[in-house]
Amino acid sequence: MPLAVRFDEYGDIDVLEVREVPQPELAAEEVLVRVRAAGINPGENAIRTGVMHERWPATFPSGQGSDLAGVVAEVGSSVHTWSAGDEVIGWVDTRASQAELVAVPAGNLVRRDPAVPWPVGGALFVAGTTAYANVRAVGAGPGDTVVVAGASGGVGSLTVQLLRHAGATVIGLAGESNHAWLRDHGVVAVTYGDGVLDRIRAAAPNGVDAFVDNVGDGYLDLALGLGVAKDRINTIIDFAGAARTGAKAEGMSGYATVDVLEELVKLVAAGDLDVPIAATYPLAEVRAAYRDLMNRHTRGKIVLLP
Ligand SMILES: NC(=O)c1ccc[n+]([C@@H]2O[C@H](COP(=O)([O-])OP(=O)(O)OC[C@H]3O[C@@H](n4cnc5c(N)ncnc54)[C@H](OP(=O)(O)O)[C@@H]3O)[C@@H](O)[C@H]2O)c1
């Protein structure tokens, strides 16, 4: 029987197990994918602890994960777009991608370009579509100076590059160990913490036009303190702060489409979008992977390799 991540109750990382499960049953419009890589995201950690129960309840036993890249093993009876052996990148909404075999709607997949490494393909959907949302939410373009908090994380590392493609000047807030990476990607690196407001003002003598918050932790007030208009501030995490201040809180949901994923895959294949892979773990080490992620100092993405 294939292996999959499961948990039977809300709790800390130790409730996660990797177990043998029955092979997923395939609906007519689904494709069975043998997963080669499945990215992990902080939101899955939040769901597993139960803090999101009101918004996104779990049913037990629960699987985990949205992101995946892999090889088509079998297709449902009404699927004509894919065949066994096709290499694909995509997602599921069923909390199931952290597994050896996953049933995926045929419309949630794009072809893997061979120039896209498996871990990158498996890391792309959640972080990539969220980064895409960030750029659209703040409406950034040529002439704009945009500050990005959490510039080196999974979402931030992609957001800063998409903002550069849109023509913006980008100031990335990150720890010093990430400054060289940011500079290599055309980003002005600024250390967060005490005195950050003055450091941003020094880095942006003509002012800041837009602000992307990937961290929470008071960054919306910092953005307002910099004089950024609230409709050009976006947070993907501080929903209470957005409600209080009138800032935007646009996440991936508006951009979780196969067209956006295809665009991201093309950028990666062309060498125009670098998806840093901080670490990979075998599926059996799912707990270690989440411990690493929840230190919250990942550069780019952490990926499970079933
Ligand atoms: N709404 C949505 O649709 C949506 C979608 C995806 C994710 N999210 C949420 O967005 C957040 C970011 O996700 P992610 O995958 O990018 O997380 P992540 O990869 O874990 O982010 C880690 C990064 O955060 C940086 N960081 C930590 N503390 C910081 C601080 N005080 N100031 C600035 N940067 C700091 C770290 O930088 P250093 O190592 O340099 O310190 C590290 O690079 C999570 O809370 C996630 O749940 C929301």
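The values are calculated or read from the model by the stated rules, or taken from the named source; none is laboratory data. The shown structure was predicted, so the numbers you read here are calculated from the model rather than taken from an experiment. With ideal geometry, Cβ positions are generated from the backbone for all residues, glycine too; neighbour counts draw on all protein chains shown. For accessibility, only protein heavy atoms count, side chains too; no ligands or nucleic acids. Shrake-Rupley method; radii C 1.70, N 1.55, O 1.52, S 1.80 Å.
What do you reckon, is Gly216 within 13 Å of the ligand (Cβ to nearest atom) and on the phi > 0 side of the Ramachandran plot? Show your work before the answer.
Details: within 13 Å of the ligand (Cβ to nearest atom): yes; on the phi > 0 side of the Ramachandran plot: yes.
For Gly216, the condition - within 13 Å of the ligand (Cβ to nearest atom) and on the phi > 0 side of the Ramachandran plot - is met.
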Any chance Leu163 is more than 11 Å from the ligand (Cβ to nearest atom) and in contact with a strand residue (DSSP E or B) (Cβ under 6 Å, 6 or more places away or on another chain): yes
Restricting segment 219-253 to residues that are within 11 Å of the ligand (Cβ to nearest atom) and among the acidic types (Asp, Glu), the residue that is least open to solvent (accessible area, probe 1.4 Å): Asp238
Residues of segment 280-306 satisfying the condition of being hydrophobic (A, V, I, L, M, F, W, C), within 16 Å of the ligand (Cβ to nearest atom) and open to solvent by 20 Å² or more (accessible area, probe 1.4 Å): Ala288, Met294
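Can Ala103 be described as modelled with pLDDT of 95 or more, small (Gly, Ala, Ser), assigned by TED's automatic domain parsing to the domain that holds Val31 and touching a Leu at 6+ places or on another chain (Cβ under 6 Å)?
Numbers: modelled with pLDDT of 95 or more: yes; small (Gly, Ala, Ser): yes; assigned by TED's automatic domain parsing to the domain that holds Val31: yes; touching a Leu at 6+ places or on another chain (Cβ under 6 Å): yes.
Yes: the conditions hold for Ala103.
Could you list, in sequence order, all residues of segment 70-88 that are hydroxyl-bearing (Ser, Thr, Tyr) and without any contact (Cβ under 8 Å) to a residue 24 or more places away in the chain? Outline the logic, then answer.
Narrowing segment 70-88 to residues hydroxyl-bearing (Ser, Thr, Tyr): 77-78, 81, 83.
The answer is Ser83, and nothing else.
Output the residues belonging to segment 254-274 that are modelled with pLDDT of 95 or more and within 12 Å of the ligand (Cβ to nearest atom). Talk me through it step by step, then tell me what you get.
Filtering segment 254-274 down to residues modelled with pLDDT of 95 or more leaves 255-274.
Matches in segment 254-274: Tyr255, Ala256.
Among the candidates Val104, Val148, single out the residue that is closer than 21 Å to Leu304 by Cβ and not in a loop (DSSP other than H, G, I, E, B).
On the way: Val148 fails: closer than 21 Å to Leu304 by Cβ.
Of Val104, Val148, the one residue that is closer than 21 Å to Leu304 by Cβ and not in a loop (DSSP other than H, G, I, E, B) is Val104.
For segment 182-199: of the residues being touching a helix residue (DSSP H, G or I) at 6+ places or on another chain (Cβ under 8 Å) and not in a strand (DSSP E or B), which is surrounded by the fewest Cβ atoms within 10 Å (Cβ to Cβ)? So that I can check it myself, show each step before the final result.
Restricting attention to segment 182-199, the residues satisfying the condition of being touching a helix residue (DSSP H, G or I) at 6+ places or on another chain (Cβ under 8 Å) are 182, 185-191, 196-197.
Now narrow it down to the ones that are not in a strand (DSSP E or B): 182, 185-187, 191, 196-197.
On the way: Leu182: 24, His185: 19, Gly186: 14, Val187: 26, Thr191: 14, Val196: 16, Leu197: 11.
Out of the qualifying residues, it is Leu197.
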The listed residue being aromatic (Phe, Trp, Tyr) and either open to solvent by less than 30 Å² (accessible area, probe 1.4 Å) or in contact (Cβ under 8 Å) with a residue 40 or more places away in the chain (or both), out of Trp91, Trp56: Trp91
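Among the residues of segment 26-55, how many are among the β-branched types (Val, Ile, Thr) and either touching a Pro at 6+ places or on another chain (Cβ under 6 Å) or in a helix (DSSP H, G or I) (or both)?
Restricting attention to segment 26-55, the residues satisfying the condition of being among the β-branched types (Val, Ile, Thr) are 31, 33, 35, 40, 47, 49, 51.
Remaining after also requiring either touching a Pro at 6+ places or on another chain (Cβ under 6 Å) or in a helix (DSSP H, G or I) (or both): 35, 47, 49.
So the count comes out to 3.
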Residue check for Gly121: of a type outside the set (D, E, K, R), surrounded by 24 or more Cβ atoms within 10 Å (Cβ to Cβ) and either without any contact (Cβ under 8 Å) to a residue 12 or more places away in the chain or assigned by TED's automatic domain parsing to the domain that holds Gly227 (or both): no
